[in-house]
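The values are calculated or read from the model by the stated rules, or taken from the named source; none is laboratory data. Remember, predicted model here, so these are calculated numbers, not experimental data. All Cβ positions, glycine included, derive from the backbone under ideal geometry; neighbour counts span all protein chains shown. Note: areas computed on protein heavy atoms with side chains; ligands, DNA, RNA excluded. Shrake-Rupley method; radii C 1.70, N 1.55, O 1.52, S 1.80 Å.
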Amino acid sequence: QVQLVESGGGLVQPGGSLRLSCAASGSIFSISLMAWFRQAPGKEREYVARITANGDTNYVTSVKGRFTISRDNAKNTVYLQMNSLKPEDTAVYYCNNVLYPNTWGRGTQVTVSS
């Protein structure tokens with residue numbers, strides 16, 4: 001199974017930016033479809049974005065134009081650049097390898113508040 005470590009979260013004011021990272025090990029990262037999810041207090045885990053092995057991307061409507069997912073296969077890392085953050089983006093953010101859908105890291109907390 002893969003091992004995933006998310007990082008880069010923190011406290012930011014509305015309109016600010018954060019860049020999340022997810023380091024993966026124990027899998028063939030270069031051919032893996034990777035995704036970001038988030039879970040806000042009292043809510044179910046929500047899909048945010050995904051990127052295929054060859055770089056095709058997809059986003060949930062609420063983050064289109066604000067978030068960008070990317071990957072660096074040489075570093076076995078996937079990123080989520082988050083701009084124009086809103087309070088409703090507050091959540092714990094998780095990455096996931098779609099081929100190992102039941103494997104999750106600890107997540108990284110993103111809090112957007114003034």
Margin query: Please list 3J(HN,Hα) in residue order for region 76-87, calculated via the Karplus relation 6.51 cos²θ - 1.76 cosθ + 1.60 where θ = phi - 60°; whole Hz, with x for glycine and proline.
Written below: 6, 9, 10, 10, 9, 7, 10, 10, 6, 5, 10, x
Next item on the list: Along Cα→Cβ, 7 Å out, is where each label goes; now give me the distance between the ones at Leu11 and Asp72 in nm to one decimal.
Entry: 2.9
Check: Given R₀ = 22 Å, FRET efficiency for Gln81-Asn102 by Cβ-Cβ distance, to 0.05?
Finding: 0.25
Check: Using θ = phi - 60° and the Karplus curve 6.51 cos²θ - 1.76 cosθ + 1.60, what whole-Hz ³J(HN,Hα) does each residue of region 7-22 get, with Gly and Pro shown as x?
Finding: 7, x, x, x, 9, 9, 7, x, x, x, 9, 9, 10, 8, 10, 9
Next item on the list: Would you mind working out the accessible area per residue for region 27-72, using a 1.4 Å probe, and quoting it in Å²?
Entry: 53
Next item on the list: Would you kindly calculate the mean projected area, averaged across all directions, of the convex hull enclosing the Cα atoms of region 1-107, in square nanometres?
Entry: 6.3
Checklist line | Solvent accessible area, Å² - Tyr59, 1.4 Å probe, full protein context | finding: 40
Check: Among Leu99, Leu20, Leu33, which one shows the biggest mean-square fluctuation in a GNM of the chain, springs joining Cα atoms closer than 10 Å?
Finding: Leu99
Margin query: To the nearest 20 Debye, how big is the dipole of the chain about its Cα centre, given +1 on the beta carbon of each Lys and Arg and -1 on that of each Asp and Glu?
Written below: 80
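Which GluC sites (Glu not before Pro) does region 32-94 hold that lie in a coil by DSSP with at most 16 other beta carbons within 10 Å?
On the way: sites: Glu44, Glu46, Glu88; in loops: Glu44.
The qualifying sites are Glu44.
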Notebook entry, point to check: Given R₀ = 30 Å, FRET efficiency for Ala53-Ser114 by Cβ-Cβ distance, to 0.05?
Noted result: 0.15
Notebook entry, point to check: Rg and Dmax of region 57-114, using alpha carbons, in Å: what are they?
Noted result: 12.6, 38
